[in-house]
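Everything on this sheet refers to the single structure shown next.
Each reported figure results from applying straightforward, stated rules to the coordinates on display, with no laboratory input. The structure presented is a predicted model; accordingly, all values stated were derived computationally and were not measured. Cβ placement follows ideal geometry from the backbone for every residue including glycine, while neighbour counts extend to all protein chains displayed.
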Amino acid sequence: MIYVFHLLDKPNQAALRQQVRPEHKAYLAEMGDRMAFAGPLMDEHEHMIGSLLAIDFASREAAEQWLSHEPFTKAGVYGEVRIDAFLNLWPQKVGFPPAA
């Protein structure tokens, strides 16, 4: 099942987010073969304010366990966390860059 992580930063986390971002990206890369999509959430000024991830996991418990070890989570960047199961019924055509 794909689980969607809607993760909003605590206020004033831009510096910490930038500091931890390389570790965060490396951790995400380990899930590359199970990743439907991932990227930062942006405000109206195009500043990063959170993360949106969609990753295939065997269970909600596995998704929660993975998130507990995620670098932004461990560093305390996120203030709001929501995890929902997601059933994709639409083929993506917009907003997805070609695979590298």
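As a test of the formula, what do you get for the chain when each DSSP H run with n ≥ 4 contributes -39,500 (n - 2.57) and the sum is divided by the residue count, at 222 nm and rounded to the nearest 500 deg cm²/dmol?
After summing the helix terms and dividing by residue count, I get -9000 deg cm²/dmol.
Would you mind telling me which residue in 15, 26, 54 has the biggest mean-square fluctuation in a Gaussian network model of the chain, where springs connect alpha carbons within a distance under 10 angstrom?
15
Taking the chain as the region of interest, what is the percent of Cα-Cα pairs per 5 angstrom bin, listed from the shortest bin to the one with the maximum distance?
Over the chain, the share of Cα pairs per 5 Å bin runs 2, 12, 23, 26, 19, 13, 4, 0 percent.
Any idea what the relative contact order of the chain is, in percent, if you count C-alpha pairs under 8 Å spaced at least 6 apart?
It rounds to 45 percent for the chain.
Can you put 56, 84, 43, 9 in order, fewest other beta carbons within 10 Å first?
43, 84, 56, 9
Sort 20, 4, 81, 94 by Cβ crowding within 10 Å, fewest neighbours at the top.
Fewest-to-most ranking of 20, 4, 81, 94: 94, 81, 4, 20.
Cα extents of segment 27-77 along the three principal axes, largest first, in whole Å?
Principal extents (Cα only, largest first): 37, 23, 18 Å.
For residue 10 and residue 33, FRET efficiency with R0 = 25 Å and r from the beta-carbon atoms, rounded to 0.05?
Once the sixth-power term is evaluated, E becomes 0.20.
Cut-off is 10 Å between beta-carbons; in what order do 6, 24, 69 appear when sorted fewest neighbours first?
Least to most surrounded, the residues fall as 69, 6, 24.
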